[in-house]
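Asker: Just passing along the structure, written as structure tokens.
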Amino acid sequence: MSASVTASSLDSALAADLATLDRAGLRRVLRPTVRRRGAHVEIDGREAIDFSSNDYLGLASDPRLASAVVAALRDRALGAGAARLISGDHPLHEALERELAEFKKAEAALLFGSGYLANVGAIPALAGRRDVIYADALNHASLIDACRLSRAEVRTFPHLDLAGLADMLDADRGRFRRRLIVVDGVFSMDGDLFPLCELTNIAQAYDAWTYVDDAHGTGVLGEHGRGSAEHWRVESQIDVIMGTLGKAFGVAGAYVTGSRVLIDYLLNRARAFVFTTAQPPALAAAASAALRIVQGEPELRARLGRNASRVRSALGVPGPSNGHIIPVLIGESDATMRVGAELRERGILVGAVRPPTVPLGTSRLRITISAAHTDDDIERLLAALAEVLLRS
Ligand SMILES: *Cc1c(COP(=O)(O)O)cnc(C)c1O
């Protein structure tokens, strides 16, 4: 018998859940920002300086990216029309994959529609029922979902606890077919880095594969912006590296890089690649333009590092001294939202992050720095923070 759910019973059940969220100070609402110009946006009809985006190099509103899209659109490269494996593959996709592989010093790259899709596509393709995945406790939600979807045994080790990871690997010797260690290169809410040298040593010692989600490292870390693996000088030793095109690259989409065999395998087995329409080729053109800027303008990374150091040292936040994700712990979600709103009234946007994005009791401001911030923008952030944090 098919149970039919009336709209009103659905609505009342969901409204009750929303009310619970509301009472806990955890209900979320959309707040459209318009007219992004570098780090300056318009929100609620007012100008604000954005310290909450992941547009680390200020490329999201770069006219060169927009021009690349316009040029591709003149050739009507908008809708791909199908999945890549059917008839949706376009020379602009292939060109971007070639350029990304070359940039990352990898044999090959594969594009995905987003970072979320890359993770939920690649990880279940690499590990399944007879396998085990070791995951850092603070891994991104998309990695957590990917691990669940894989149906592998998932073992979560405490954040950055390498000894704990090694103990788990040791205890599991011989019990599983494949072993995959999955971590963020740069943790999205804390801004700290996973020590990849130790990771590769442990993985080699215990014969495990390594998967690094470098959503926040790509384009930013390393002398050439190749990301966490360049920063730690382990580029040839990580088995699978995922990076996004929606953060430092300012566009949308994501990719996985690794060996030719890995990419051929994912192209066959990653369901979030196989069963989805290819992203608009025009966006691949924009990402190619972004990649040229990432490679050709190292001064953007230098400026980002200087801006971040300045804010970090003024606030006394520990962590990598030029880390571009700066958490300011507040604790309760109500207080965090209040501080966020007071900053917004002063024309400063910061992330006000609460559960389930971060663990209970660790609500925080998440301040993100961009190369597009001017000295004056930074002064205004620090002045507003001093005022608001003193009062709260
Ligand atoms: C943002 C993010 C993702 C998801 O990337 P999208 O392209 O936004 O879907 C995955 N992993 C981490 C660590 C992220 O911060």
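Asker: From the set of residues in the stretch 192-220 that are among the small types (Gly, Ala, Ser) and within 12 Å of the ligand (Cβ to nearest atom), which is farthest from the chain's Cα centre (by Cα)?
Answerer: Checking each candidate, the answer is GLY217.
Asker: Which of the strands (runs of 3 or more DSSP E) found entirely inside the stretch 117-204 contain at least 3 residues meeting this: open to solvent by 50 Å² or more (accessible area, probe 1.4 Å)?
Answerer: Of the strands (runs of 3 or more DSSP E) lying wholly inside the stretch 117-204, those with at least 3 residues that are open to solvent by 50 Å² or more (accessible area, probe 1.4 Å) span 153-157.
Asker: Residues of the stretch 98-116 being away from the ligand (no atom under 16 Å from the Cβ) and either touching a Ser or Thr at 6+ places or on another chain (Cβ under 9 Å) or open to solvent by less than 20 Å² (accessible area, probe 1.4 Å) (or both), which ones?
Answerer: Of everything in the stretch 98-116, those that are away from the ligand (no atom under 16 Å from the Cβ) and either touching a Ser or Thr at 6+ places or on another chain (Cβ under 9 Å) or open to solvent by less than 20 Å² (accessible area, probe 1.4 Å) (or both) turn out to be GLU99, ALA101, PHE103, LYS104, LYS105, ALA106, GLU107, ALA108.
Asker: Now, a different point. With part of a helix (DSSP H, G or I), modelled with pLDDT of 90 or more and open to solvent by less than 70 Å² (accessible area, probe 1.4 Å) as the only criterion, which of ALA15, ALA60 stands out?
Answerer: Of the residues listed, the single one that is part of a helix (DSSP H, G or I), modelled with pLDDT of 90 or more and open to solvent by less than 70 Å² (accessible area, probe 1.4 Å) is ALA15.
Every residue, every condition in (1) in the same structural domain as GLY222 (by TED's automatic domain parsing); (2) among the hydroxyl-bearing types (Ser, Thr, Tyr); (3) under 19 Å from the mean Cα position of the chain (by Cα), yes or no:
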| residue | (1), (2), (3) |
| --- | --- |
| ARG98 | yes, no, no |
| TYR134 | yes, yes, no |
| LEU143 | yes, no, yes |
| SER150 | yes, yes, no |
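Asker: Considering each residue of the stretch 265-299, count those that are touching a strand residue (DSSP E or B) at 6+ places or on another chain (Cβ under 8 Å) and either over 22 Å from ASP184 (Cβ atoms) or in a loop (DSSP other than H, G, I, E, B) (or both), and give that number.
Answerer: Residues flagged as touching a strand residue (DSSP E or B) at 6+ places or on another chain (Cβ under 8 Å) and either over 22 Å from ASP184 (Cβ atoms) or in a loop (DSSP other than H, G, I, E, B) (or both) within the stretch 265-299 amount to 9.
Asker: Quick check: is even one residue across the stretch 370-388 part of a loop (DSSP other than H, G, I, E, B), in the same structural domain as GLY38 (by TED's automatic domain parsing), surrounded by fewer than 22 Cβ atoms within 10 Å (Cβ to Cβ) and aliphatic (A, V, I, L, M)?
Answerer: There is no residue in the stretch 370-388 that is part of a loop (DSSP other than H, G, I, E, B), in the same structural domain as GLY38 (by TED's automatic domain parsing), surrounded by fewer than 22 Cβ atoms within 10 Å (Cβ to Cβ) and aliphatic (A, V, I, L, M).
Asker: Could you tell me which residue of the stretch 252-280 is nearest to the ligand (Cβ to nearest atom), considering only residues that are more than 22 Å from ALA229 (Cα to Cα) and of a type in the set (Val, Ile, Thr)?
Answerer: Looking at the filtered set, the residue picked out is THR276.
Asker: For the stretch 314-344, which residues satisfy the criterion of being in contact with a strand residue (DSSP E or B) (Cβ under 9 Å, 6 or more places away or on another chain) and small (Gly, Ala, Ser)?
Answerer: Of everything in the stretch 314-344, those that are in contact with a strand residue (DSSP E or B) (Cβ under 9 Å, 6 or more places away or on another chain) and small (Gly, Ala, Ser) turn out to be GLY319, GLY323, GLY331, SER333, ALA335, GLY340, ALA341.
Asker: Something else now. Quick one: ALA171 ticks every box in (1) more than 15 Å from the ligand (Cβ to nearest atom); (2) on the phi > 0 side of the Ramachandran plot except a single one, so which number is it?
Answerer: (2)
Asker: How many residues, within the stretch 154-202, are of a type in the set (A, V, I, L, M), touching a residue at least 24 places away in the same chain (Cβ under 8 Å) and in contact with a helix residue (DSSP H, G or I) (Cβ under 9 Å, 6 or more places away or on another chain)?
Answerer: Count: 13.
Asker: While we're here: Return yes or no: is LEU78 open to solvent by less than 70 Å² (accessible area, probe 1.4 Å) and in a loop (DSSP other than H, G, I, E, B)?
Answerer: no
The values are calculated or read from the model by the stated rules, or taken from the named source; none is laboratory data. Source: prediction; values computed, not measured. A quick note on method: Cβ atoms are made from the backbone with ideal geometry, for glycine too, and the neighbour counts reach across all protein chains shown. Note: areas computed on protein heavy atoms with side chains; ligands, DNA, RNA excluded. Shrake-Rupley method; radii C 1.70, N 1.55, O 1.52, S 1.80 Å.
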